[in-house]
Structures are given as C-alpha cells and as structure tokens.
Amino acid sequence: MPEPHDPWKQLVEASRESRSREEEAPPPELNVSSLRESVRALILAMTWLRWSLLAALLAGIIFLVIFLFLRQDEPPREPIIPPEPPTDPAAS
C-alpha cells in the first residue's frame, strides 16, 4: 500500500521539480553594465581587504611598541634561585 505522505517520495518529487526548473532557466545575459558592476564590486572588496590587512598590521606594531615600552619600565625581577649567602672566611 503506498502512503500518500511518505517523506521519501516527497523528497524525490521535490528534487525532480527543482531539476526541471534548473534545466529551464535561461542563461544569464552578459552586458557591459553587469561586467562593470562585478568589476567594481571586486575592486571594492580588494580595497577593503587591503585596508583591513594594513590596519591589522598597524595595530600589531602599535601593540608591540607599547608592550616593549612598558616592559622597559619594570624593575628587574629577583632570580628564582636565591644566591648563596656570603660566608665569612675568618669564621672557618
């Protein structure tokens, strides 16, 4: 007995319908204005990419300069292993 609401059959029918729609779609028209718009969008994307890369590099350099500048002002740290206490040579 075939079920009318079988999800697998609905999926197969939907894929057949979408395939038939794709085959009927006309090819896109190429004209100067569409090419101009796509080139303009590409150049704009590349410009934003270049500027964002430049901004990231500049932020990294500023961070390193500030970090190194603040690091120089810190007092020297004590060594982890303390030095041996001085001994009196006359006491031995």
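The values are calculated or read from the model by the stated rules, or taken from the named source; none is laboratory data. Predicted model only: the values in this text are computed from it and were never measured. Cβ placement follows ideal geometry from the backbone for every residue including glycine, while neighbour counts extend to all protein chains displayed.
Would you confirm, using the coordinates I've provided, whether residue 53 is part of a loop (DSSP other than H, G, I, E, B) and either modelled with pLDDT of 75 or more or touching a Cys at 6+ places or on another chain (Cβ under 9 Å) (or both)? When the stated conditions are applied, residue 53 does not pass them. For segment 27-45, the tally of residues that are of a type in the set (A, V, I, L, M), surrounded by 10 or more Cβ atoms within 10 Å (Cβ to Cβ) and at pLDDT below 90 stands at 1.
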